[in-house]
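Notes for the one structure printed next.
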Amino acid sequence: MVKPGDFLLTNSMSFGRPYIMETSGCIHDGWLVLSPKRADTSPDFFYHLLGSNAIYAEFERLAAGATVKNLNCELVRGVKIPLPPLAEQRRIAEVLDRAEALRAKRRAALAHLDTLTQSLFLDLFGDPVANDRNWPINSVGDFVAGFESGKSIVADDEDDTTSPYRVLKVSAVTSLDYRPEQSKALPPDYEPPASHIVRAGDLLFSRANTAELIGATAYVFKTPPNLLLPDKLWRFVWHQEPRADPHFVRYLFRQPKFRREVAQRASGTSGSMKNISQDKVLTIRTGLPPLDLQREFARRVSAVEKLKAAQRAALAELDALFATLQHRAFRGEL
């Protein structure tokens, strides 16, 4: 049983993440519960301390298991922590709370901009899959020539020095934003075909994943020049005479009805990795608005993306500031 004010700590897989209970309930064996024992500990200070990089590094050092790492009560109980006087704990927690509030505002602004782009799409086009605006019906193959992919390569999660080239993980796309840091090092002396290299302006598509994540798209605004496509990610190939703007297609493929259609056409048993063939994607039928209206949407998307880039840069600065404050706070230097 747990009660409000108790701390929960994940003890396996994504271990060492703290949460504060706001209600009563029960926990299973994937959690540890830390109940207050002394009156001279601020819950807010303790929350920031448990979430700090220093304490997480200690949990990571202690966690047992080769593949799935786990914590247990004895390991956590033995971790040494700094515990300044209660008044100082509260002061530190207040400083970190203010910094975290600023980060939360930036994250909320980014989420709002994402919502704005989706609203722009629906305002201009309605739902092209349901075709409530009566656009001309087309197969995806009428405006997408096909897809290119890379190959399955044995890559190394840990070694960043073996090759100048890296191959993307599927997670580089599944968040719907291109994340080039989600990549793996390749074997020494690997020389990729030019067609496997990710380029700015690519629209990428996850052709193999779980039912919830298959069909995710991400646009490559910029990228390091040494990243490669794996076999589970496709790059869109366009007809010589374009009938669709990549940004329209990007958001078309994000529409819930379109994603469900992709998932339904994919092969694979329930709960397993699903795959979809090019033919099954290219034969999906949808309404297709005029190209000039699509390009107007792309122009507006470009303006929103500039705002998002500014917000991401500001958030990165706040993240760095928060990390510095956290580091100093738990070394007695704040």
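Structural remarks
- For the stretch 28-150, the calculated P(r), taken from all Cα-Cα distances in 10 Å bins from zero up to the bin holding the longest distance, is 9, 22, 20, 16, 15, 14, 4, 0 percent.
- Rg/Rg_ref, the stretch 129-287, where Rg_ref = 2.2 N^0.38 Å and atoms are Cα: 1.06
- The gain in end-to-end length when the residue 306 to residue 145 segment is fully stretched comes to 55.0 nm, 0.36 nm per residue minus the alpha carbon separation.
- Between residue 19 and residue 179, the FRET efficiency from the beta-carbon distance, with R0 = 22 Å, is close to 0.30.
- The stretch 129-287: relative contact order in percent, alpha carbon pairs under 8 Å with at least 6 residues between: 33
- Separation between Cα centres of the stretch 298-323 and the stretch 95-140, rounded to whole Å: 15
- Applying a threshold of 29 Å to the alpha-carbon distances of 257/308; 169/308; 184/222; 80/169; 151/306 flags 80/169; 151/306 as lying beyond it.
- Counted by Cβ distance under 14 Å from residue 6, the other residues give a net charge of +1, where Lys and Arg count +1 and Asp and Glu count -1.
- Estimated FRET transfer efficiency when R0 is 51 angstrom, pair residue 56-residue 299 (beta carbons, to 0.05): 0.75
- Applying both filters, DSSP loop and at most 11 other Cβ atoms within 10 Å, to the trypsin sites (Lys or Arg not before Pro) of the stretch 29-115 gives 37, 38, 80.
- Rounded to the nearest 20 debye, the dipole magnitude of the chain is 440 debye, with +1 charges on Lys and Arg beta carbons, -1 on Asp and Glu beta carbons, and the Cα centre as origin.
- Whole-angstrom gap from the stretch 5-51 to the stretch 214-276, using each part's C-alpha centre: 39
- Take each peptide in 190-199, 123-132, count the other Cβ atoms within 10 Å of every residue, and average; sorted highest first, the result is 123-132, 190-199.
- Taking the stretch 314-334 and a reference point 7 angstrom along Cα→Cβ of residue 95, the backbone N atoms nearer than 17 Å belong to 318-334.
- Placing dummy labels 7 Å off each Cα toward the beta-carbon, the span from residue 108 to residue 314 is 1.3 nm.
- Model label points for residue 31 and residue 87, set 7 angstrom from Cα along the Cα-to-Cβ axis, are 3.6 nm apart.
- The stretch 195-289 has equivalent-ellipsoid semi-axes of 22, 18, 11 Å, by the square roots of 5 times the alpha carbon gyration tensor eigenvalues, sorted largest first.
- Translational diffusion coefficient of the chain (Stokes-Einstein, Kirkwood radius from Cα pairs, 10 °C, 1.306 mPa s): 68 µm²/s.
- Cβ-to-Cβ counts within 10 Å put 115, 223, 217, 41 in ascending order as 115, 41, 223, 217, the fewest first.
- With the simple model of a label 7 Å out from the Cα in the direction of the Cβ, residue 212 to residue 327 spans 3.4 nm.
- Efficiency of FRET from Cβ geometry, residue 282 and residue 122, R₀ 22 Å, rounded to 0.05: 0.35
- The slack in the chain from residue 260 to residue 171, taken as 0.36 nm per residue of separation less the alpha-carbon distance, amounts to 30.1 nm.
Rule-based calculations on the coordinates, nothing more; no lab input. Treat the numbers as computed from the prediction; the structure is a model and nothing was measured. A quick note on method: Cβ atoms are made from the backbone with ideal geometry, for glycine too, and the neighbour counts reach across all protein chains shown.
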